[in-house]
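Since every read-out is calculated from the coordinates, none of them should be taken as a lab result. Small disclaimer: the values here were computed from a predicted structure and weren't measured. Please note: Cβ atoms are built from the backbone with ideal geometry, for glycine as well, and neighbour counts cover all protein chains shown.
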Amino acid sequence: MRLDKYLKVSRIFKRRTIAKEVSKNSRILINGRVAKPGTDVKENDVLTISYGGKELTVRVLETPLYAKKDDADAMYEIITDTD
């Protein structure tokens with residue numbers, strides 16, 4: 001699944017356009033490498049997201065094409081969340 005779509009479906013970002021913009025600006029790493037909006041996300045990948053002075057690191061648990069709002073939290077686990 002594309003990175004920008006995963007961030008939207010998992011509700012890490014509310015809008016896909018915001019996810020796309022953040023990743024375009026090299027603020028997202030997948031397994032330590034800079035990721036673009038179209039980069040493929042797979043299970044067990046580690047995403048490091050830097051935005052608004054915060055850094056969020058999560059492990060991808062699953063990548064369904066669609067997820068209900070209540071199921072979105074099960075798509076990833078938070079490793080670190082710093083302000």
*Hey, can you grab everything whose amide H is under 5 Å from the amide H of Leu61? Only 5+ residues off in sequence or another chain; H modelled, so Pro and N-termini drop out.*
Asn44, Tyr76, Glu77
_Against the rule of thumb 2.2 N^0.38 Å, how large the Cα Rg of the chain comes out_ = 0.96
*Straight-distance crosslink candidates among lysines, where the alpha carbon sits under 16 Å from Lys42 and sequence neighbours closer than 8 are dropped*: Lys5, Lys8
*Estimated [θ] at 222 nm from DSSP helical runs (n ≥ 4, -39500 (n - 2.57)) normalised by residues in the chain, nearest 500*: -5000 deg cm²/dmol
*Quick one: which residues, 5+ away or cross-chain, put their amide H under 5 Å from the amide H of Tyr51? H built at 1.01 Å from N.*
Leu56
*Those aspartates and glutamates that a straight Cα-Cα span of less than 20 Å connects to Lys68, excepting residues fewer than 8 apart in one chain*: Asp4, Glu43, Glu77
*DSSP-assigned coil residues among GluC sites (Glu not before Pro) in the chain, each with at most 16 further Cβ atoms within 10 Å*: Glu43, Glu62
*asked:* What's the magnitude of the charge dipole for the chain around its Cα centre, counting Lys and Arg as +1 and Asp and Glu as -1 at the beta-carbon? Answer in Debye, nearest 20.
replied: 520 debye
*Can you run phi through the Karplus equation (6.51, -1.76, 1.60; θ = phi - 60°) for segment 40-50 and list ³J(HN,Hα) in whole Hz, with x for Gly and Pro?*
6, 10, 10, 4, 6, 5, 10, 9, 10, 10, 10
*Express the relative contact order of segment 3-82 as a whole percentage, based on alpha carbon pairs under 8 Å and six or more residues apart in sequence.*
26 percent
*Local electrostatic count, Arg59, Cβ distance below 10 Å [Lys/Arg +1, Asp/Glu -1]*: -3
